[in-house]
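Have a look at the structure below before the remarks.
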Amino acid sequence: MTGIEAGAPPKRPRFVDSAPYHPDDDPTDGARPELDAPAWRLALRRLMRHRLAAASGVFLLTLYLMLPFMGFFAPYGPNEKDIEHLQMPPQSIYWFDEGGFVGPYVVKTDAKADLATMRWTYHEDHSVKLPIKFFCEGAEYRILGGLFTSKLHLFCAPEGGSVHLLGTDKVGKDVFSRILYGAQLSMIVGLLGIFISFAIGVTLGGLAGYFGGLLDAAVMRLIEVLRSLPELPLYLALAAAVPPNWSSLSVFLMITVILGVLDWPGVARAVRSKFLALREEDFVSAAELMGASPGRVVRRHLLPNFASHLVASAALSIPAMILGETALSFLGLGLRYPDVSWGVMLNDALSLSAITLQPWLLTAVAPVVLVVLAFNFLGDGLRDALDPYSER
Amino acid sequence: MRFWNRLHSAALLALLAVSAPIAEAREFIDEKGRLLKLPPLIEHTLAAYDTHAGALPPIAERLPLAPRVVDPTKSGRQFGVHGGSWRMFIEKAKRVRLGVVYGYARLICYDADYALRPDLLLSFDVFEGRKFVFKLRPGHKWSDGAPFTSEDFRYWWEDVANHPKLSPGGPPRFMLVNGEPPRVTFPDSTTVIYEWSSPNPYFLKKLAAAAPPFIYRPAHYMKKFHAKYTDVKKLEAKAKKAGLRGWAALHNDSDNMYKNDNPDLPTLQPWRLAKDLSGRRFILIRNAFFHRIDARGRQLPYIDRLEMIVASSSLTAAKSASGEADLQARNITFPDMAVLKSEEKRGGFEARLWRKGDASQMALYPNLNYADPVWRKVLRDARFRRALSMAIDRRLINRVLYFDLAKPVGNGPLPESPLYDPGFVKPWTQFDLKAANALLDEMGLKRKSARGYRFLPDGRPLEVIVEYASDPAEAADALELMVETWREIGVRLLTRPRDRDSLRKGVESGSVMIAVWTGWSNGLPTPSDPPLDLAPMQQSSFQWPKWGQFFETKGKSGEAPDTPEGRKLMALGAAWAKATTDDARAAIWRKMLAIHAEQLFVIGVASGAPQPVVVSKAMRNVPKSGVWAWDPGARFGVYRPDLFFFAPSKSADKKSGEK
């Protein structure tokens, strides 16, 4: 403001918009409509601008949507053994024959025991071409934990042939199918574990932060005790306590609970510190003065204020859960036969011959890396997108 | 005569000045009493000889007057040269005892044809199976040069085995026949006589075992720790200093001829433990007083040193594949063979396949002493065991795990054994789900649907928990192959990996339902071998740990066999011990084997499995094929590792084609 003259107070001219006024105009149809959109849409928009995060999100969403139907995409059952093809290297799929496109086919492949090298050798017989079958019947699989069963597969091995896209292990189990089935347990373990860990963490952290006092002290001490326990030995001890006659589902849930129970202190601390800060805000005092119950204050006024933070940190914690399951199973203490997870597969590949002679058994590393990376990218993107003060 | 020692190089010149020609030929009496000429002796000039003995006497004085003269060509091998170091891997420091196993110098030992021959002894005579006359080799010396005489036997028998403090439970069981100790006499310094009132068929076999009970001790050394010969006060003070309770503990601590962990303890083995420095690597040095020579006058062993390197068992195959071991079979399993074969050239070794000498490569041991009474009744029902056995697809397992190189038969004598009969290993081993199902139906183990799991008589689901340890390594894979075929007969198979020791404890306490282990350790029994695995006489038999314990503790703990078959086997085992002729013993063996074949107390999955043996290209005299067996066999022991040698490096390539 310029034009301040000494003595007399400044006289401001009244501002009059010279644009024509129409009473029917929507006042929100202003110059910056994006500011008026709901918060989630703004966040989504920012997320979509983060290419890597968006791609990761799509990738993960697709995978999770596929999870219940993995049996459909897998040509073999998770523990189906093709004893005619043991330790078979990844099989080639052919598309062209004599220059012309004939669709995907495999050739008849016979195993021979080579006593000089003590290995199975595979000979491709190109005179016998076997087109891969689509939408065919194969091993029975279950959808949604046994709600439905089906025998329909996207593609299967032709009569008298095999399709082992990523080879087979020492007892003839198809690596590709196992990676798909393994995704079911390995990826759900992350979600479930996070759910448990956040349920405990948000509840306890919220209580501690909102009410403070003795409750706060108790929760904090509990967290300190849990944090001071060495994690790996604790995993091992808990996992070893799982009795052998538990069903695979119970073992799986147990592992998830173990991972979740050990993870919540981090969440609880973050929630508590947020609560401590927010409860002093004016809008909280206002709500309280108007007679809102603590539950309502927490749910309506506090949680939405840092939900974004929770979502982002959840996305970033899931990989730790997946890696935790993989590590436990790799050590032979998590899931075990007949369950299939990526960790179980890596455990199977834990031998000299697998590393030197059957490297295809190690392909289970690839999905672990991909999913963990995708979650990290997505988490990063979400954090940026949900932060209203971010540069983007 | 030339000899030098690193520490005494000053004395070398003086020695050289008076050096006589190589010891002149002398005569000796061999074990058959023939007077033979000793070949001219060849001195091995080796700085690496043990330095603790100071200057060693010449070879002629180190050998017994009647050494054991070995002609390697008689066992299809060649004369060797001295030198070299045999590197091998062991999984923990405790396994340094393998030096005693592989060394395999025993009073009496098995030859490659599994016949018993005198070894440390010059000769032995047995009268009526109850009187044993042992003749020692005159002039035989311990590895520190002290004479090995009947005093060493007397010391063990009178001052150790019958000493109330050192053996509170009295003499060990194998020295007793019907609870009676022998009468032991020592007429002269080279004669020892053990005499029982009735036959002791276990005695000689025990002495020839891979892990023998040494019935002699280096008395001159051990007396230093014995209250009878040394001032008790001094000993107690010494024990206190070492943190031990009393002199007896101190004595026991120093007295471990099998454990091989006291470098000061004199030995008679071909190699003796040198001072260990790190606990990660053990050196065993040739025993300068070893009693065997080859027919050209070269003292055995040919190889100067054993180098035992501690490495995790899971790394052994990888390390061997890179040529870091000269001769290795321990901790290498058949699945490693493909890798070993592919690395042969680069690693400078040859991967050979021996055969396992166990009665079964892998066997299921239903625990007849399982704690749960309902389950125990099921496990004790032969029909149940037969059904489980018939629901194992042995051909498939053999193909998948052993490349079709094993035999898909049950637990029992291998074809090389004189007691072999297909009738002992074939019954109930054919893959027949229909018959198996019929047996279980007959037992009244009901199932709700034709494809569902069965239930126990008390309504619990029929869930068989099979626990396994590291031995055999492929157990987990084999069980996985069984899961599906057992499901067909309505048996749910659950598996659990265990640590070796905890599995053993679980079986003995009755908390393990079915254990997986290798079959009977003796797959090549002869009628004169004690049928210890076949009768409930050992706690370590996984099928009846408590019955075995009952026998071993003379009824103090455990349970008496309470099934007709158990009692019958027990009676047969006792009858075997009383039998006096091999025909009678063979007849008893066959009866026992027939009971086992019918009852399937041990369910074998495959037998005669291949065992990879990594042999360095420079290593000679290691058989192309052999039986990898613990007892009898002592692993390499029966193939005489003292005859193994390293070809001199120049001719290594030329000779690589030899046998």
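The values are calculated or read from the model by the stated rules, or taken from the named source; none is laboratory data. Bear in mind the structure is a predicted one, so any value in this text is a computation, not a measurement. We place every Cβ from the backbone using ideal geometry, glycine too, and count neighbours over all the protein chains shown.
Does the range A:88-100 contain at least one residue that is within 14 Å of chain B (Cβ to nearest Cβ) and surrounded by 14 or more Cβ atoms within 10 Å (Cβ to Cβ)?
yes
Using the structure shown, decide if A:VAL344 is touching a residue at least 60 places away in the same chain (Cβ under 8 Å) and within 14 Å of chain B (Cβ to nearest Cβ).
yes
Applying the selection to the range B:101-133, what residues are in contact with a helix residue (DSSP H, G or I) (Cβ under 8 Å, 6 or more places away or on another chain) and under 24 Å from B:SER198 (Cα atoms)?
Residues satisfying the conditions are B:LEU107, B:ILE108, B:CYS109, B:LEU116, B:PHE124, B:VAL126, B:PHE132.
State which residue is surrounded by the most Cβ atoms within 10 Å (Cβ to Cβ) when the search covers only the range B:444-457 and only residues that are without any contact (Cβ under 8 Å) to a residue 40 or more places away in the chain and either assigned to a loop (DSSP other than H, G, I, E, B) or within 12 Å of another protein chain (Cβ to nearest Cβ) (or both).
Filtering the range B:444-457 for residues that are without any contact (Cβ under 8 Å) to a residue 40 or more places away in the chain and either assigned to a loop (DSSP other than H, G, I, E, B) or within 12 Å of another protein chain (Cβ to nearest Cβ) (or both), the one surrounded by the most Cβ atoms within 10 Å (Cβ to Cβ) comes out as B:TYR453.
B:ASP393 - would you say it is over 29 Å from the mean Cα position of the chain (by Cα), more than 28 Å from A:THR356 (Cα to Cα) and within 12 Å of another protein chain (Cβ to nearest Cβ)?
yes
When the residues of the range A:279-337 are narrowed to those that are under 30 Å from B:ALA476 (Cα atoms) and aromatic (Phe, Trp, Tyr), which ends up nearest to the other protein chains (Cβ to nearest Cβ)?
Residue satisfying both the conditions and the ranking: A:TYR337.
Among the residues of the range A:185-195, write down those that are surrounded by fewer than 21 Cβ atoms within 10 Å (Cβ to Cβ) and in contact with a helix residue (DSSP H, G or I) (Cβ under 6 Å, 6 or more places away or on another chain).
Result: A:LEU192, single match.
Write out, first by first residue and then by second, each pair whose Cβ atoms fall under 6 Å of each other, whose residues are 6+ apart or on separate chains, and whose first residue, in the range A:251-267, is free of Cβ contacts under 8 Å to residues at least 40 places away in the same chain while the second is of a type in the set (Val, Ile, Thr).
A:MET254/A:VAL242
What are the residues in the range B:305-337 that are acidic (Asp, Glu), crowded, with 21+ Cβ neighbours inside 10 Å and modelled with pLDDT of 90 or more, if any?
B:ASP326 - this is the single residue of the range B:305-337 that is acidic (Asp, Glu), crowded, with 21+ Cβ neighbours inside 10 Å and modelled with pLDDT of 90 or more.
Just to verify a result, which residue in the range A:89-148, among those that are in contact (Cβ under 8 Å) with a residue 60 or more places away in the chain and basic (Lys, Arg), is nearest to A:MET70 (Cα to Cα)?
In this case the residue turns out to be A:ARG142.
Give the residue that is nearest to A:VAL371 (Cα to Cα), with candidates limited to residues of the range A:185-212 that are touching a Ser or Thr at 6+ places or on another chain (Cβ under 8 Å) and among the polar types (S, T, N, Q).
By that ranking, first place goes to A:SER186.
Every residue in the range A:101-117 that is within 14 Å of chain B (Cβ to nearest Cβ), surrounded by 12 or more Cβ atoms within 10 Å (Cβ to Cβ) and of a type in the set (Lys, Arg), please.
none
Tally time: how many residues in the range A:252-294 are among the hydrophobic types (A, V, I, L, M, F, W, C), part of a helix (DSSP H, G or I) and over 20 Å from the mean Cα position of the chain (by Cα)?
12
Within the range B:352-367, track down each residue that is surrounded by fewer than 24 Cβ atoms within 10 Å (Cβ to Cβ) and either at the interface with chain A (Cβ under 10 Å from one of its Cβ atoms) or in a loop (DSSP other than H, G, I, E, B) (or both).
B:LEU353
Just need a number here: residues in the range A:258-268 that are modelled with pLDDT of 85 or more and surrounded by fewer than 19 Cβ atoms within 10 Å (Cβ to Cβ).
Residues meeting the conditions: 1.
Pick out the one residue from B:LEU306, B:LEU340, B:LEU315, B:LEU284 that is touching a Gly at 6+ places or on another chain (Cβ under 9 Å) and assigned to a helix (DSSP H, G or I).
Only one candidate passes the filter, namely B:LEU340.
Looking for whichever is away from chain A (no Cβ under 12 Å), farther than 24 Å from B:ALA629 by Cα, over 19 Å from the mean Cα position of the chain (by Cα) and in contact (Cβ under 8 Å) with a residue 12 or more places away in the chain here; the options are B:ILE309, B:ILE283, B:ILE303. Which one fits?
Just one listed residue meets the conditions, B:ILE283.
Keeping to the range B:71-91, report how many residues are touching a strand residue (DSSP E or B) at 6+ places or on another chain (Cβ under 8 Å) and assigned to a helix (DSSP H, G or I).
Qualifying residue count, the range B:71-91: 1.
Of all the residues that make up the range A:313-349, how many are in a helix (DSSP H, G or I) and either surrounded by fewer than 24 Cβ atoms within 10 Å (Cβ to Cβ) or not small (Gly, Ala, Ser) (or both)?
Within the range A:313-349, residues that are in a helix (DSSP H, G or I) and either surrounded by fewer than 24 Cβ atoms within 10 Å (Cβ to Cβ) or not small (Gly, Ala, Ser) (or both) number 21.
Tell me, yes or no, whether the range A:118-137 has at least one residue that is more than 14 Å from chain B (Cβ to nearest Cβ), under 26 Å from the mean Cα position of the chain (by Cα) and not acidic (Asp, Glu).
Scanning the range A:118-137, I find no residue that is more than 14 Å from chain B (Cβ to nearest Cβ), under 26 Å from the mean Cα position of the chain (by Cα) and not acidic (Asp, Glu), so the answer is no.
Kindly indicate which of B:LYS259, B:LYS275 is assigned to a loop (DSSP other than H, G, I, E, B), of a type in the set (Lys, Arg) and in contact with a helix residue (DSSP H, G or I) (Cβ under 9 Å, 6 or more places away or on another chain).
Exactly one residue qualifies, and that residue is B:LYS259.
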